[in-house]
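Notes follow the structure.
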Amino acid sequence: MSLITVAAAQMGPVSPGEDRRSAVDRCIALMEQAAAAGAELVVFPEAALTPFFPHWLIEDEDELDSYFETAMPNPAVEPLFAAARRLGVGFHLGYCELDRGPAGKRRFNSAVLVDRQGTIVGAYRKIHLPGYAEPRPHEPFQNLEKRYFSVGDLGFRAFDAFGTRIGILICNDRRWPESYRMLALQGATIAVLGYNTPRHHPAFPESDRLVVFHNHLSMQAGAYQNAMWVVGAAKAGVEAGVDQIGGSCVVAPSGEVVAVAETEGDEIVVAAVDLDLAAQYRAHVFDLAANRRPEHYGGLL
Ligand code: ING
């Protein structure tokens, strides 16, 4: 039996004006709870340090930049890395990244995977950016991810960490089967992800009644069809006027939700991840190497 105890660290709203230190202190408190419950890996949400600002139009460049981290770690986040080292707990953190590389100033919706020594062992930049670039003033809130972020340029990758291979996804990625498959083809046994998901879809209100179902359906299907565990952590509750779902969970390779949040606030959701179960499903149901032949798919997949 090869077990890793993981925790999805669901967060309630990060209020506009709540400074990074407050968000980081909440993350540390959740990490301490998770460590006390035996967790070795804690998964924080997408954009864990700020409100999900793509929900409104920001036209001032400096104001927009204020929601981004220019380095990871940095002085505001360092206490979380220090807590990880103190507690011997690794973590995934979603945050918004300002990159000033050779390609100039670029903004990404990003995440890092940090091992139990507090070392960054993996990084990812969100590829499936939902929403739109031009604001829709008639809608009650926006999703301006296509305006604020560049498409991630790091690809889908699995990282050697915690004695296995762990892949990172971010929010909308979890709805696309290709996301999990790209990780599974690289040997990932666990996918970790955070999300900010409104309860209401302004352009498709007919789907609102199914938003919680679709959240778990996406992760359950991804887990089962790729013989992997999926750990999803929500930023939940009414944040800057937008009601976001919780439902943070741990999903087994069987597709079963083995642990799920009960609140819409700060809450840890702990489960023992059995890597042997992923191996069983890979061996007996989804043996990608033996049974998935690209020629079956006309070169399209
Ligand atoms: N949020 C939402 C998500 O994928 C969304 C956007 C909701 C798209 C519902 C489609 C349907 O959960 C982010 N941040 O991607």
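The values are calculated or read from the model by the stated rules, or taken from the named source; none is laboratory data. Because the structure is a prediction, the values reported are computed rather than measured. All Cβ positions, even for glycine, are placed from backbone atoms using ideal geometry, and neighbour counts span all protein chains on display. For the accessible areas, the whole protein counts, side chains as well, though only heavy atoms, and no ligand, DNA or RNA atoms are used. Shrake-Rupley method; radii C 1.70, N 1.55, O 1.52, S 1.80 Å.
Some observations on this one:
- Here residue 144 qualifies as within 14 Å of the ligand (Cβ to nearest atom), aliphatic (A, V, I, L, M), open to solvent by less than 30 Å² (accessible area, probe 1.4 Å) and in contact (Cβ under 8 Å) with a residue 24 or more places away in the chain.
- Taking the criterion of being near the ligand (Cβ under 9 Å from one of its atoms) and among the hydrophobic types (A, V, I, L, M, F, W, C), the residues of segment 204-219 that qualify are 204, 211.
- Exactly one residue among 91, 81 is of a type in the set (Phe, Trp, Tyr) and either within 15 Å of the ligand (Cβ to nearest atom) or within 14 Å of residue 7 (Cβ to Cβ) (or both), and that residue is 91.
- Count of segment 217-248 residues, restricted to those that are among the hydrophobic types (A, V, I, L, M, F, W, C) and surrounded by fewer than 20 Cβ atoms within 10 Å (Cβ to Cβ), is 4.
- Odd one out for residue 200 among (1) open to solvent by less than 60 Å² (accessible area, probe 1.4 Å); (2) within 12 Å of the ligand (Cβ to nearest atom); (3) not polar (S, T, N, Q): (1)
- Residues of segment 213-235 satisfying the condition of being closer than 16 Å to residue 181 by Cβ and either within 16 Å of the chain's Cα centre (by Cα) or not in a helix (DSSP H, G or I) (or both): 218, 219, 220, 222, 223, 226, 227, 228, 229, 230
- Within segment 176-192, tally of residues that are within 10 Å of the ligand (Cβ to nearest atom) and either at positive phi or in contact (Cβ under 8 Å) with a residue 60 or more places away in the chain (or both): 0
- Single condition residue 84 does not satisfy, out of (1) under 30 Å from residue 37 (Cβ atoms); (2) touching a helix residue (DSSP H, G or I) at 6+ places or on another chain (Cβ under 8 Å); (3) assigned to a loop (DSSP other than H, G, I, E, B); (4) open to solvent by less than 20 Å² (accessible area, probe 1.4 Å): (3)
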